Amino acid sequence: MQPTRTAHIIRTTKETQIDLSLNIDGKANYEISTGVPFFDHMLDLLAKHALLDLTIQATGDIEVDYHHLVEDVGIVLGEAFNEALGDRKGINRYGFWVLPMDEAQAQAEVCLDLGGRPFFVYKMEHEQKYIRDFDVTIIKHFWRSFCDSAKMNLHIELKFGEDLHHCIEAIFKSAARALRVACDTDPRALDLIPSSKGRIGA
């Protein structure tokens, strides 16, 4: 029987306070509160489409800027994935997804490797930078922090998009689906490390 892949992490700094619980093998039961509505919405989508059970209670110095909170949530979420995946035996390891978004014609492409070595590529160009008061350039820092802490290789590229909200939404949904594929296990390989080196990150 496959062990439960869960993690609970608390991170407290002078800038942010984060309490996060993750179950990779969940059913999309999530409760997320960061004090930043648009960011909450994107994290909801991540949990929903990756079928994660995810609870995040986060506060921080958002009266100064959203940057610290968004980046630190990325760090903690990545740490939770790294802990929950353990030795990563039996996982598919690789995930890929291309996802369109309605009338905005946004198309996001995400490919990733849960191979234990962080590397990050992010290509997202848009003439608009804000959704209400949320600077979407912070999203890049979220994914970089997540990538580094989860010890994964993550490539994100927005191929085309008009509506900025839909562009960011497409990225989160595509990443969620790619994560779901990569984290899923192969019943033929439950006792196998998905690397010819015999260990992840070597």
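The values are calculated or read from the model by the stated rules, or taken from the named source; none is laboratory data. Just so you know, these numbers come straight off a predicted model, no measurement behind them. Glycine gets a Cβ as well: all are built from the backbone with ideal geometry, and neighbour counts include every protein chain shown. For accessibility, only protein heavy atoms count, side chains too; no ligands or nucleic acids. Shrake-Rupley method; radii C 1.70, N 1.55, O 1.52, S 1.80 Å.
What does the charge count around Trp143 come to, taking other residues whose C-beta lies under 13 Å from its C-beta (Lys +1, Arg +1, Asp -1, Glu -1)? Provide the component values of the computation, followed by the final result.
Values: positive: Lys123, Lys140, Arg144; negative: Glu71, Asp148, Glu157.
Neighbourhood net charge equals 0.
So what's the back-of-envelope 222 nm ellipticity for the chain, counting only DSSP H runs of four-plus at -39500 (n - 2.57) apiece and dividing by all residues, rounded to 500? Before the final figure, lay out each step's value.
Numbers: 4 runs with 66 residues, N = 202.
Helix-only estimate at 222 nm: -11000 deg cm²/dmol.
Counting only residues at least eight positions apart within a chain, or on another chain, the lysines with an alpha carbon under 16 Å from that of Lys159 are Lys123, Lys140, Lys173.
Ignoring the sites themselves, the chain has its longest run without trypsin sites (Lys or Arg not before Pro) in a DSSP loop having at most 14 other Cβ atoms within 10 Å at 28-128.
Report the local net charge at Ala47: Lys and Arg +1, Asp and Glu -1, summed over other residues whose C-beta lies under 14 Å from its C-beta.
Numbers: positive: Lys27, Lys48, Lys173, Arg177, Arg180; negative: Asp25, Glu31, Asp40, Asp44, Asp53, Glu169.
Neighbour charge sum, excluding Ala47 itself: -1.
For a quick check of understanding: with a 1.4 angstrom probe and all protein chains in place, what accessible area in square angstrom does Thr6 have, to the nearest ten? Here the accessible area works out near 70 Å².
Which loop-located GluC sites (Glu not before Pro) does region 33-94 contain, where loop means any DSSP state but H, G, I, E or B and the Cβ has at most 15 other Cβ atoms within 10 Å?
On the way: sites: Glu63, Glu71, Glu79, Glu83; in loops: Glu63.
Passing both the DSSP loop test and the Cβ count: Glu63.
The angle between the Cα long axis of helix 37-50 and the main principal axis of the chain comes to about 30°, on a 0 to 90 degree scale.
Dipole magnitude for region 151-202: about 320 debye, using +1 per Lys or Arg Cβ and -1 per Asp or Glu Cβ, origin at the Cα centre. Excluding ligands, DNA and RNA, the accessible surface per residue across the chain is 49 Å² with a 1.4 Å probe.
What part of the accessible area of region 77-202, given as a whole %, is carbon or sulfur when the probe is 1.4 angstrom? Let's see the in-between values first.
Details: 2870 of 6200 Å².
On region 77-202, the fraction of accessible area on carbon and sulfur atoms equals 46 percent.
Charges only on Cβ, +1 for Lys and Arg, -1 for Asp and Glu: so what's the dipole of the chain about the Cα centre, in debye to the nearest 20?
That gives the chain a dipole magnitude of about 1080 debye.
Projecting the Cα atoms of Cys167, Val136, Leu192 onto the dipole axis of region 113-202, where Lys and Arg carry +1 and Asp and Glu carry -1 at the beta carbon, places Leu192 farthest toward the positive end.
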